[in-house]
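In what follows, a single structure is set out as structure tokens and then discussed.
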């Protein structure tokens, strides 16, 4: 039996949390795999009921999580006698006591657009902090035995960035699990959705951050209003643009001010965070899914939208084209004019919308969490089989570092 240790202390929102939510049930079903997960204690209530998974919940986790992981986790891994470490938060252990697979899924470290965006917003502290984190993330790819990216486009980007080999294993989708919860949406969310009935409802699933490029989407709204004539338009957001309502240190004031300046506040419906298990109810109420993100590694909502039968309008990124293929239409990532025109063409053509929905449903079937987990476990077993060779390689690398 293989004992897998998963470091998911970084999982708090977005893709990291989506990953753990979907992977753990498939691992729990594996009789030949024992799993120990390091998880933030604030998330523990969500992950009860697993039979073959043990949880470690560090209390009072320090703000400097990196130092905690590097100093404390190796001893925890030894203590539970794990065989392989799966680091899910972009940062590897520098001295892992067991073979280590690193999941790298943060594209802001390699995005010139992101650094340029930060400078334009005068976010100089975040600019410096991101550069420092990028240095650690870059080194992490060399600390790990194997690095895995969730798309081939991002794997290639990481390889160019580090001159290291990076594997691509697509993240997955589980249609049955995604649609399982039949409970109603919160009353205040339901009320907002009922008020939007009769409108062209555009959906964007994301908490507010800079690289999801909310401002380009907001700038497109007045153009959409003009192009769609009498039909009202509502943009459904799964966040609030009020200060302090989003995870992380991204400041949403610029987006909120832009809405007021353009006179489109009445077109934006801020639903707030929607529980993951209820997202399928929201996709069913929308007409078009849209994302203007200027950098991405996989984009789970694209697969969720396709699986829900929504036509997808996406910024023209290699990752988006890899995930959606012909099931989406694309626009230049910073062009509000192109975004508005693309949405209008889709919305005014029922035939186009139906064709995209059919293509999207078919495309979404190519992504499977079960397949993802099997490939990760296969990779872990390969590392264990080559463990003597890895030990020799690491000894040689250590000697080279001392000599230099």
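The values are calculated or read from the model by the stated rules, or taken from the named source; none is laboratory data. All values derive from a computational prediction rather than experimental measurement. Reconstructed Cβ throughout: ideal geometry from the backbone, glycine too, with neighbour counts over all protein chains shown.
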>> I'd like the full set of residues that are under 20 Å from residue 111 (Cα atoms) and out of contact with any strand residue (DSSP E or B) (no Cβ under 8 Å at 6 or more places or on another chain), limited to the stretch 321-335.
In response: 322, 323, 334, 335
>> closer than 30 Å to residue 228 by Cα and either modelled with pLDDT of 95 or more or not assigned by TED's automatic domain parsing to the domain that holds residue 256 (or both): which single residue out of 132, 102, 202, 167 fits that description?
In response: 202
> Within the group 229, 244, 263, which residue is on the phi > 0 side of the Ramachandran plot and in contact with a helix residue (DSSP H, G or I) (Cβ under 8 Å, 6 or more places away or on another chain)?
Replying inline: 263
> Given 338, 357, which one is modelled with pLDDT of 95 or more, in a helix (DSSP H, G or I) and touching a strand residue (DSSP E or B) at 6+ places or on another chain (Cβ under 6 Å)?
Replying inline: 338
> Do we have any residue at all in the stretch 215-235 that's in a loop (DSSP other than H, G, I, E, B), within 21 Å of the chain's Cα centre (by Cα) and not assigned by TED's automatic domain parsing to the domain that holds residue 23?
Replying inline: no
> Among (1) crowded, with 20+ Cβ neighbours inside 10 Å; (2) under 12 Å from residue 207 (Cβ atoms), where does residue 235 come up short?
Replying inline: (2)
>> Any residue at all in the stretch 289-305 that's outside the structural domain of residue 155 (by TED's automatic domain parsing), over 12 Å from the mean Cα position of the chain (by Cα), modelled with pLDDT of 95 or more and farther than 23 Å from residue 210 by Cβ?
In response: no
> Can you tell me which residues in the stretch 131-190 are within 27 Å of residue 322 (Cα to Cα), without any contact (Cβ under 8 Å) to a residue 24 or more places away in the chain and in a loop (DSSP other than H, G, I, E, B)?
Replying inline: 163, 164, 165
